[in-house]
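Novice: First the structure, which I've put down as structure tokens, then a few questions once you've had a look.
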Amino acid sequence: MPRLATIVTVVSDASLEIGIIQKALVNVIGTADQDIAQMLALMQNVADELMLDPPYRDEFGDGNWVCDAAGLVFKARPTLDDDLVMFDARLAINGLKYRFLKAKGLEYGEEQRDFVARQNKIAARNAPVIDMNDDVGRMQ
């Protein structure tokens with residue numbers, strides 16, 4: 001089970017890790033800070049990219065990648081600070097860092113590698129196992 005986090009936690013952790021803030025955020029929805037607002041908008045890009053491939057394509061094929069804190073209402077974009085991001089929190093943070101640095105025209109190669117490596121680990125963990133010995137037409 002992936003570690004889930006709120007949209008505030010994902011944006012806050014990514015912002016802290018790349019050094020654009022010095023203390024954790026309290027809110028991101030409706031913020032006046034342009035960088036934080038941009039990060040919130042870039043989460044949609046991260047989600048769109050993740051939903052192209054398994055396992056997230058299979059889980060969120062309807063495009064709803066966040067849900068309310070109670071886990072009852074699924075949505076295509078966050079509307080409240082305590083909305084939960086339904087994919088792995090570290091993957092969301094890594095993807096957000098790479099997208100933000102890229103959007104700012106800064107070096108993002110290391111962050112992109114971290115994102116892709118985490119994405120591949122999750123995909124491998126969820127990949128079906130094919131038993132090559134179970135092929136009835138296989139020659140012995």
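Novice: Taking helices (runs of 4 or more DSSP H) that fall entirely within the range 1-104, which contain at least 1 residues that are of a type in the set (A, V, I, L, M) and modelled with pLDDT of 95 or more?
Specialist: So the answer is 7-18, 34-50, 89-103.
Novice: Criterion first (of a type in the set (A, V, I, L, M) and touching a strand residue (DSSP E or B) at 6+ places or on another chain (Cβ under 9 Å)) does residue 5 satisfy it?
Specialist: Numbers: of a type in the set (A, V, I, L, M): yes; touching a strand residue (DSSP E or B) at 6+ places or on another chain (Cβ under 9 Å): yes.
Taking the combined requirement at face value, the residue satisfies it.
Novice: Separate question: With respect to residue 41, is the statement that it is surrounded by 16 or more Cβ atoms within 10 Å (Cβ to Cβ) and of a type outside the set (Val, Ile, Thr) true?
Specialist: Against the criterion (surrounded by 16 or more Cβ atoms within 10 Å (Cβ to Cβ) and of a type outside the set (Val, Ile, Thr)), residue 41 does not qualify.
Novice: Does residue 82 satisfy being acidic (Asp, Glu) and crowded, with 17+ Cβ neighbours inside 10 Å?
Specialist: So residue 82 fails the test.
Novice: Filter the range 1-27 down to the residues that are among the charged types (D, E, K, R) and either surrounded by 15 or more Cβ atoms within 10 Å (Cβ to Cβ) or under 15 Å from residue 97 (Cβ atoms) (or both) and list them by number. If you could, list the steps in order and put the result at the bottom.
Specialist: As a first pass, look at the range 1-27 and keep what is among the charged types (D, E, K, R): 3, 13, 17, 23.
Passing the criteria: 13, 17.
Novice: Can you confirm whether residue 98 is among the aromatic types (Phe, Trp, Tyr) and within 15 Å of the chain's Cα centre (by Cα)?
Specialist: Numbers: among the aromatic types (Phe, Trp, Tyr): yes; within 15 Å of the chain's Cα centre (by Cα): yes.
Yes; evaluated as a whole, the condition is true for this residue.
Novice: Could you tell me whether residue 30 is of a type outside the set (A, V, I, L, M, F, W, C) and loosely packed, with under 14 Cβ neighbours inside 10 Å?
Specialist: yes
Novice: Test each condition in (1) among the acidic types (Asp, Glu); (2) over 20 Å from residue 123 (Cβ atoms); (3) buried (at least 20 other Cβ atoms within 10 Å of the Cβ) for residue 88 and report the one that comes out false.
Specialist: Among (1) among the acidic types (Asp, Glu); (2) over 20 Å from residue 123 (Cβ atoms); (3) buried (at least 20 other Cβ atoms within 10 Å of the Cβ), residue 88 violates only (2).
The values are calculated or read from the model by the stated rules, or taken from the named source; none is laboratory data. For clarity, every value in this text was computed on a predicted model and none was experimentally measured. We place every Cβ from the backbone using ideal geometry, glycine too, and count neighbours over all the protein chains shown.
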